[in-house]
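A.B. asks: Below you will find the structure I want to go over with you.
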Amino acid sequence: MGVSWGKTLLRKCYPAYFNRKLARANLQFHLLLDGVKGHALFTVSRTGMVTSWNSGAERIFGYTKSDVMGQHLSRFYSLEDIQAGVPDNLLQAADCGGRTNDEGWQVRKDGSRFFAEGSFSVLGEGDDREFGRQTHDITERRSAAEALRQLQRVDAIGRLAGGVAHDFNNLLTVILGYSEILLERIPAKDPLRQFVQIISDTGSRAASLTRQLLTFSRQTVLEPVLLDLNELIRESKRMLQPLISEDILFTTVLDPAIHTVRVDPCLLNQILVNLVINARDAMPAGGKLTVETSTVIRQHTVVDDRCQIPIGRYVVLLITDTGCGLTPQTKVHISDPPLLTTKETGKGTGLGIPVVYDLVKQSDGYIEVFSEPHVGTTFKIYLPAVEQQVDTLATLDSATSNGQGETILLVEDEKYVRELALHALKARGYEVLAATDGRNAQQIADEFRGRIDLLITDVVMPRMNGRQLTEALRRTFPTIKVLYTSGYTDDAVVLHGILRKEVSFLQKPYTPALLTKKVRSVLNESAALATSAPQ
């Protein structure tokens, strides 16, 4: 009891002595923690001069002890922070409150910056007091958190855009559909025809842009067709040109003898858009962008960590820029969705190239990247060559889309889209039962005394969605064929459980010609399966 009472009395009479002793012991303990990676510990005087410096500080800041002893701590801050008085303000706040916590950018010896979490603590009393500084490099943690927030914003915007796209694609279906009907009826020499053609062309471009903007490395309902890559590039160049600044020379070198490829044209357009934008960003002071095509035969398999290209014939798409190029570190992680994006704030998500890798993979293709810093970058995309001729609507005889006595149950909750589809199908000779939603369709089917050959239904509808309607109708009509349509983004279709290879799907916006062609294709496939089935 006597010893304890004595210490208590001494603390009351000589608090400064005990506080200094405790502070010095605490400092000595912290200075021993040199092995803690990412932490710096040092002390500064009341005027901000460095008085001690541990090896952790040397690792983080790059200064040796002899570099900084007696130097002002402002050298660890940017010029903007120094002019704003940040170092002095932090010391004054600590002097008043005994301790401060702060976060901000700090500067290393080589001029590079890192984001620091730190604190100042008062050590000692009176004229002998100084400040202990603990600094922790949290750049990676902060960047990862920021990247996560950014991706969450992108996801939220994507969900919002999906809802907007649904309504927008319904509107485009009506615009494109009735434009097509008018073009069929207006004589070629009628001066009004050119205006309707402009409406149709603009609607088609809007539909293409909408789908490209909503494609983002997600599982999609692919619609691959046989196409001429050269023709697609020519058409896309008109859309790509406005994306490129005037000081970039954009040229194409297209091999007229290239083979056909089988790929989803919207995916291929998205590949072009992403690579062209990436090239533009790599040439802020101007340069040259070249898009080339050719056909090659691989005689051997290229094997490295990222690219194994089987032997065979390929159509090659090359996109070359004379920009800043890629560093070896960036190239290693180029296909990974980056948490630590190289894009600056306001310069995009940094996800463009990973999207390209994903889209090329979905197209059964391969990609190689050749790049050198300050020289430029070339993306070389291999798409399997096909010997068949290009698919075109012009080769389709209009009679092949005519009905053959089939009855179709059409379910569409959007009035004008329903009326357009009803008109198109009846014009081809189909018997059509039109319903406003799933419940209405089920009621019509229950009252119908006959055979229903095909159900055309929107995927997402109020009260009963397309998949639920299909399951209900197949109890009464087990052989009914189904064609799903949707104006939502493809992941919405996936979420409603219809994405399977055997499912027929038509993405909105569509035209009467596309609708009737798809309907005939589904019905013909059904008839072919029935004919080939064993008796």
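The values are calculated or read from the model by the stated rules, or taken from the named source; none is laboratory data. The model shown is predicted, which means the values in this text are computed figures rather than measured ones. Cβ atoms come from the backbone with ideal geometry, glycine included; neighbour counts cover every protein chain shown.
A.B. asks: Got a number for residues in the range 223-241 being under 21 Å from the mean Cα position of the chain (by Cα) and under 14 Å from Ile277 (Cα atoms)?
C.D. replies: 3
Listed here are the residues, each with its yes/no results for (1) part of a strand (DSSP E or B); (2) not small (Gly, Ala, Ser).
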site	(1), (2)
Leu232	no, yes
Ser236	no, no
Ile271	no, yes
Ala279	no, no
Thr290	yes, yes
Thr295	yes, yes
Tyr314	yes, yes
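A.B. asks: Out of everything in the range 316-347 that is under 30 Å from Val225 (Cβ atoms) and part of a loop (DSSP other than H, G, I, E, B), what residue ends up being modelled with the highest pLDDT?
C.D. replies: Per the stated criteria, the residue is Ile334.
A.B. asks: For Ala144, state whether it is outside the structural domain of Arg46 (by TED's automatic domain parsing), closer than 27 Å to Glu58 by Cβ and assigned to a helix (DSSP H, G or I).
C.D. replies: On the way: outside the structural domain of Arg46 (by TED's automatic domain parsing): yes; closer than 27 Å to Glu58 by Cβ: yes; assigned to a helix (DSSP H, G or I): yes.
When the stated conditions are applied, Ala144 passes them.
A.B. asks: When the residues of the range 217-243 are filtered to those that are touching a strand residue (DSSP E or B) at 6+ places or on another chain (Cβ under 8 Å) and modelled with pLDDT of 85 or more, which remaining residue is surrounded by the fewest Cβ atoms within 10 Å (Cβ to Cβ)?
C.D. replies: Among those that are touching a strand residue (DSSP E or B) at 6+ places or on another chain (Cβ under 8 Å) and modelled with pLDDT of 85 or more, it is Arg234.
A.B. asks: Could you check the range 287-307 and list, in sequence order, the residues that are farther than 22 Å from Ile233 by Cα and either modelled with pLDDT of 90 or more or among the basic types (Lys, Arg) (or both)?
C.D. replies: Matches in the range 287-307: Arg298, Arg306.
A.B. asks: Cβ contacts < 7 Å: first residue more than 12 Å from Gln442 (Cβ to Cβ), restricted to the range 452-478; second residue exposed (fewer than 15 other Cβ atoms within 10 Å of the Cβ), any location; separation 6+ or different chain. Result?
C.D. replies: That search, which allows pairs on different chains as well, returns Arg467/Gly497.
A.B. asks: Quick one: count up the residues across the range 73-114 that are over 17 Å from Thr139 (Cα atoms), part of a loop (DSSP other than H, G, I, E, B) and among the charged types (D, E, K, R).
C.D. replies: Residues flagged as over 17 Å from Thr139 (Cα atoms), part of a loop (DSSP other than H, G, I, E, B) and among the charged types (D, E, K, R) within the range 73-114 amount to 0.
A.B. asks: Using the structure shown, decide if Ala399 is more than 37 Å from the chain's Cα centre (by Cα) and either of a type in the set (Phe, Trp, Tyr) or modelled with pLDDT under 90 (or both).
C.D. replies: Yes, satisfied.
A.B. asks: What number of residues within the range 418-452 satisfy the criterion of being more than 15 Å from Ala513 (Cα to Cα), surrounded by fewer than 18 Cβ atoms within 10 Å (Cβ to Cβ) and either of a type outside the set (D, E, K, R) or not assigned by TED's automatic domain parsing to the domain that holds Tyr488 (or both)?
C.D. replies: The qualifying residues number 6.
A.B. asks: While we're on this one: Within the set of pairs 6 or more residues apart or between chains, which connect a residue that is not assigned by TED's automatic domain parsing to the domain that holds Leu318 inside the range 246-271 to a residue that is surrounded by fewer than 19 Cβ atoms within 10 Å (Cβ to Cβ) and assigned to a loop (DSSP other than H, G, I, E, B) with Cβ atoms less than 8 Å apart?
C.D. replies: If the second residue must be surrounded by fewer than 19 Cβ atoms within 10 Å (Cβ to Cβ) and assigned to a loop (DSSP other than H, G, I, E, B), no pairs are left.
A.B. asks: Could you list, in sequence order, the residues of the range 25-59 that are surrounded by fewer than 13 Cβ atoms within 10 Å (Cβ to Cβ) and at pLDDT below 55?
C.D. replies: Ala25, Gln28, Phe29, Leu32, Gly35
A.B. asks: Okay, next question. Look at the range 123-145 and say how many of its residues are closer than 17 Å to Ala93 by Cβ and among the acidic types (Asp, Glu).
C.D. replies: The qualifying residues number 1.
A.B. asks: Sticking with this structure for a sec: If I go through the range 449-484 residue by residue, how many of them are closer than 25 Å to Ala207 by Cβ and either at pLDDT 90 or above or acidic (Asp, Glu) (or both)?
C.D. replies: Residues meeting the conditions: 8.
A.B. asks: Only one of (1) farther than 30 Å from Ala207 by Cα; (2) not in a loop (DSSP other than H, G, I, E, B) fails for Gln152. Which number is that?
C.D. replies: Answer for Gln152: the failing condition is (1).
A.B. asks: Any idea which of (1) under 37 Å from the mean Cα position of the chain (by Cα); (2) within 13 Å of Leu410 (Cα to Cα) is the one Arg467 doesn't satisfy?
C.D. replies: Failed condition: (2).
A.B. asks: Can you tell me which residues in the range 453-474 are among the charged types (D, E, K, R), closer than 13 Å to Ser504 by Cα and surrounded by fewer than 24 Cβ atoms within 10 Å (Cβ to Cβ)?
C.D. replies: Hit for the range 453-474 is Arg467, nothing else.
A.B. asks: Still on this structure, please answer the following. Residue check: is Phe168 within 28 Å of Lys508 (Cβ to Cβ) and at pLDDT 75 or above?
C.D. replies: Here the answer is yes, as Phe168 does meet what is asked.
A.B. asks: Within the set of pairs 6 or more residues apart or between chains, which connect a residue that is within 17 Å of Phe42 (Cα to Cα) inside the range 110-124 to a residue that is in a loop (DSSP other than H, G, I, E, B) and not polar (S, T, N, Q) with Cβ atoms less than 6 Å apart?
C.D. replies: Glu117/Ile138; Val122/Gly98; Val122/Arg129
A.B. asks: Right, another one. If the requirement is being of a type in the set (D, E, K, R), more than 30 Å from Asp321 (Cβ to Cβ) and not in a helix (DSSP H, G or I), which of these qualifies: Arg418, Arg463, Arg439?
C.D. replies: Arg463
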